[in-house]
Amino acid sequence: MTPSSLDLARSVLDGRTAAPPGCQARIAAFLARQALQDEVDALCAAHDPALRHPVTMRSRLTVLRFIHGAEVARTAEVAWQGLNEACHHHAYELSPTAAEIDHLIDVVASLPSS
Amino acid sequence: MREQPIVDVVFDLAAADPDLSERPARLILAAMESDEALLAELESASATDTPTGPPVTTDYVETAAPIGAYLTSIEVTGFRGVGRRATLPLTPGPGLIIVAGRNGSGKSSFAEALELALTGDSFRWVERAAQWMSAWRNLHQPDPCTIRVGLAEEGSGPITVGVDWTPDAELTDCTLWTQRSGAKREPGISGLGWDRALKLYRPILSYEELGHLLDGRPIDLYRAMERILGLGQLNDAAERLATVLKRLKIPEAEARSRKPHLRAVLESVEDARATEALRELHRRQPDLDVLAGIATGSDAPAADLVVLRDLAELATPTADATTGVVRELRKAVGELAEHSDVTLELAEHTSALLGQALEVHHEHGTVPCPVCGQGTLDDAWRAAAERRQAQATEDIRALTKARARLDRARTEARRLIASVPGSVRQVAIKLDTVAAAKTAYSSWTTVPSGDLAMAEHIETCHAELTSAFDAVRVEAAETLKLREDSWLPLAQELAAWLELKRAALAAATDTDDVSTASQWITKNSGVLRNQRLLPLADEARRIWARLRQESNVDLGRITLDGQPHHGRLSINATVDGTDTTALAVMSQGELHALALALFLPRATMPDSPLRFVVLDDPVQAMDPAKIDGFVSVLSDLARDRQIIVFSHDDRLADVVRRTTDNGQIIEVIRESGSAVSVRRDRTPATRYLEDARALLHDHEVPVSVIDKVVPGICRLAIEAAARERFYGRRIKAGSDRASVEKDWSDFTSTTMRVALALFGDPKSPQMNRWRSARDWRARMLRLATQGVHQGGHIVGDAVLVDLSNMLTDIMDAR
């Protein structure tokens, strides 16, 4: 677990760390997404050999299921889906809200530490 | 959350109440059961019975979950957006099924068809009658127009519900029928016994209806909640008790209202009985037995009645008897008079003297008369003396006889006079004829001295006496009859009143007990209602907590307030910690989520025989975070329910695809001419196939990882396919889900599970032949068993082809 990324995401979200106005949620989402990737990497590292980039997140999440069980994989999947969407531009979807990202950060935080 | 039957809750509460005694408690429980039970309880046990302990409420003791039904398919022809026949296959048994399709793809036609077939109405139809009514037939193919809904009921097997329309029929002119496997078609759907459950649990809910759930009148929501919570039973009990109480109070009320009238009529008649009855009625606690005696005349009758009855039977000597007595008396007097020349003493002395003289003669022969000294007692004298003595004896006998006769005649005459009863002298009742009778009696009994005078008296007075007494007799009889005639209705009235009074008295204990029971329910229903609501409210809050995600509205207490006829469901909430009512502060999207939070626990109540829940487009206006929460809620519910969600929102299918194990996705596509086709897009088994494909196509993943992970994925995929087939087959055949689940979890080896799915027997001898019939089957089974532990040598796409074939073999086997 890299507390720094996730903590930073939180502090951006609640304004403790300065961010351009209107971009807090998006920036927090990027930070949280990074934290999630790191976390999944760490979890997969329990498996030998480690699955680092450029192995796709999908592959890593599939493997995660076999190492840590369905529940952990599901949690990571939910967080990944939410954060990934928040980190891409969608023509038909509005920007993520702070509360939404806050929730996703909680989901990431709920993953077991490797 | 299997909940305690309401009757048990009431029982516990009643048992814990020290102020509630045994009988009212039993009455409450009986009233909750049925009218008959309540009556039986009232009749069987009086308060004096020894307490029998808690009643055994066998009707409510259920250890197993109720028999349930799952959907197996919806087939639609010529209805709404569906032209030629289209079938939506649904895997029976617990699981999450997403029916995805663009707006206008025809997916909602399936939902509406289902709703129409099962509930006979559609919310859309009711609310938007005009639009809907004109467009319910498919435009491209309006005929034939049919709906077939396939269901599988635990314990009984397949059921088909059909709806048919003739070419020119209106929407409501349909023919609805049901058919159980191997049985005849039955008209209507009531035969399935789900009428109540369909209303109560509403397993089919559309987006519009969700919106209206909270928009409607508070009382409707309240009633719906009450029904679900089984509180109807409590209300029924209250009503039954009220009805019985009213009935029990009727005699007392009636007796009270009739009493003044009874008094008035009793006062209006002159009758000693009436007076006595009134005296009794004036008491605070009239002696009902005394009153009954008066009414029926079974007790000692009143004094004047005795007198009247006596007078009515007044007897006088008959003319013959009288004449006889008088004649005899006169004859006796006459006979005695014939012997008036005889003096009895002289005759006796003479006879005695002659006797002695004859003895002298007899002893001494002829001697001079010792008495006169002049005559001689010789033989001539002796002859004469013997004649004289005989004469004297004769005279004595005749005289004695005449005297005795007279004595007898006189006694008879006196007896005759005395035979007339003197009661007439003491009569105090006003009777016209009594005075004359008294005079006649007085004359009759004033007997002159002298036998002949007496005879004369009897002769003279008899006629007067007879006519006077006859008159009294007639008048007394008439008066008596008059009395009885006027008394009879009074007696009847008194008797009727007594009957009421007795009924009231008999019902007094019952009335008290029922009244106590009724008051207890009123007092405790508020507590009971909310105690009852608690699990459902908790469940709703739990669901809300997962749905709300970014909402700052926190759901608080959910309570049923007010009385049964004007209650409401109040939903409290806090917004950032401030108390408020939920409905006031929620956005439209939040209201929908709240409606879902309230609706889902209701639709999935353990008692519902409908093991399916159908949601039509529930996620409109729901943001992505809520969809996550929603899917996790649905996925949880789908562990023991068949959850079917119709959705046009890609995001829902996407979340299900990526985050659930038990979700499957069916895509509905509508092409020109209303040709609707259905494609199974994703099942739990194909999900694993896709996982494997993604992993194998990611060339960055090390081979060692592939070799370790892919066999496991194959096993999951094969078991998921086998499970789906096994559950589907068994549930369709009518097995109950508990036994299906047990059979499934009893065998953990992949090969056995496949055998179970294909042949219904984990050790089926057919398995070997099946395995070797296609080379990929053996390869796959080996990979899924040994490969998981030892690792396999995975050769890219070959494995995917094998797995795909294997899954098809399992799921599509005949």
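The values are calculated or read from the model by the stated rules, or taken from the named source; none is laboratory data. In this text the structure is predicted, and so the values were computed from the model without any measurement. In this analysis, Cβ positions are derived from the backbone assuming ideal geometry, glycine residues included, and neighbour counts consider all displayed protein chains.
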What tally of residues in the stretch B:733-760 results from selecting those that are in contact with a Ser or Thr (Cβ under 6 Å, 6 or more places away or on another chain) and surrounded by 20 or more Cβ atoms within 10 Å (Cβ to Cβ)?
2
Cβ-Cβ under 6 Å pairs, at least 6 apart or on other chains, the stretch B:516-544 side in contact (Cβ under 8 Å) with a residue 24 or more places away in the chain, far side hydroxyl-bearing (S, T, Y):
B:N530/B:T559
What pairs come out if I take residues in the stretch B:753-765 that are among the aromatic types (F, W, Y) and pair them with residues that are outside any loop (DSSP other than H, G, I, E, B) whose C-beta lies under 7 Å away, six or more apart or interchain?
B:F759/B:Q766; B:F759/B:M767
Between residues in the stretch B:254-282 that are modelled with pLDDT under 85 and residues that are polar (S, T, N, Q), which pairs lie under 7 Å by C-beta distance while being six or more apart or on different chains?
B:V269/B:S486
How many of the residues making up the stretch B:145-174 are polar (S, T, N, Q) and either touching an Asp or Glu at 6+ places or on another chain (Cβ under 6 Å) or part of a loop (DSSP other than H, G, I, E, B) (or both)?
3
B:D304 meets each of (1) within 30 Å of B:E459 (Cβ to Cβ); (2) surrounded by 11 or more Cβ atoms within 10 Å (Cβ to Cβ); (3) among the charged types (D, E, K, R) with one exception, condition (1)
For B:T686, all conditions in the list (1) under 19 Å from B:D809 (Cα atoms); (2) at the interface with chain A (Cβ under 10 Å from one of its Cβ atoms) hold save one; what is the number of the exception?
(2)
Only helices (runs of 4 or more DSSP H) wholly contained in the stretch B:281-379 count here; list those with 2 or more residues that are over 30 Å from B:S467 (Cβ atoms).
B:288-296, B:319-338, B:344-364
Scan the stretch B:238-246 and tell me whether some residue there is among the polar types (S, T, N, Q) and without any contact (Cβ under 8 Å) to a residue 12 or more places away in the chain.
yes
Filter the stretch B:394-434 for residues that are crowded, with 17+ Cβ neighbours inside 10 Å and part of a loop (DSSP other than H, G, I, E, B); which is modelled with the lowest pLDDT?
B:V427
Per-region count, the stretch B:693-705, residues more than 7 Å from chain A (Cβ to nearest Cβ) and touching a Gly at 6+ places or on another chain (Cβ under 9 Å)
2
Cβ-Cβ under 7 Å, sequence separation 6+ or interchain: first residue in the stretch B:307-320 and under 12 Å from B:T479 (Cβ atoms), partner modelled with pLDDT of 85 or more and among the charged types (D, E, K, R). Which pairs?
B:L311/B:R473; B:A312/B:R473
Specify the residue that is farthest from the other protein chains (Cβ to nearest Cβ); the eligible residues are those in the stretch A:22-78 that are touching a Cys at 6+ places or on another chain (Cβ under 7 Å) and surrounded by 20 or more Cβ atoms within 10 Å (Cβ to Cβ).
A:R33
Residue ID - surrounded by the fewest Cβ atoms within 10 Å (Cβ to Cβ), chosen from residues in the stretch B:578-627 that are assigned to a strand (DSSP E or B) and in contact (Cβ under 8 Å) with a residue 40 or more places away in the chain
B:V613
Checking B:D654, B:D636 in turn, the sole residue that is within 28 Å of B:D736 (Cβ to Cβ) and either within 12 Å of chain A (Cβ to nearest Cβ) or assigned to a helix (DSSP H, G or I) (or both) turns out to be B:D636
Restricting attention to the stretch B:706-735, report how many residues are under 60 Å from the mean Cα position of the chain (by Cα), of a type outside the set (A, V, I, L, M, F, W, C) and over 20 Å from B:S749 (Cβ atoms).
4
Could you go through the stretch A:91-112 and let me know if any residue there is within 28 Å of B:D707 (Cα to Cα), modelled with pLDDT of 80 or more and within 12 Å of another protein chain (Cβ to nearest Cβ).
no
Within the stretch A:79-90, take every residue that is modelled with pLDDT of 75 or more and more than 8 Å from every other protein chain (Cβ to nearest Cβ) and give me the one that is surrounded by the fewest Cβ atoms within 10 Å (Cβ to Cβ).
A:H88
When restricted to B:N530, B:N552, the only residue among the polar types (S, T, N, Q) and within 14 Å of chain A (Cβ to nearest Cβ) is B:N552
Taking the stretch B:657-683 only, how many residues are within 12 Å of chain A (Cβ to nearest Cβ), touching a strand residue (DSSP E or B) at 6+ places or on another chain (Cβ under 8 Å) and under 21 Å from A:M57 (Cβ atoms)?
3
Restricting attention to the stretch B:172-191, which residues are surrounded by 17 or more Cβ atoms within 10 Å (Cβ to Cβ) and within 14 Å of B:G120 (Cα to Cα)?
B:C174, B:L176, B:W177, B:T178, B:I189
Please find, within the stretch B:619-633, the residue that is farthest from the other protein chains (Cβ to nearest Cβ) out of those that are over 30 Å from B:D736 (Cβ atoms) and not hydrophobic (A, V, I, L, M, F, W, C).
B:Q620
Taking the stretch B:175-193, which residues are in a loop (DSSP other than H, G, I, E, B) and over 14 Å from B:I147 (Cα atoms)?
B:S181, B:G182, B:A183, B:K184, B:G193
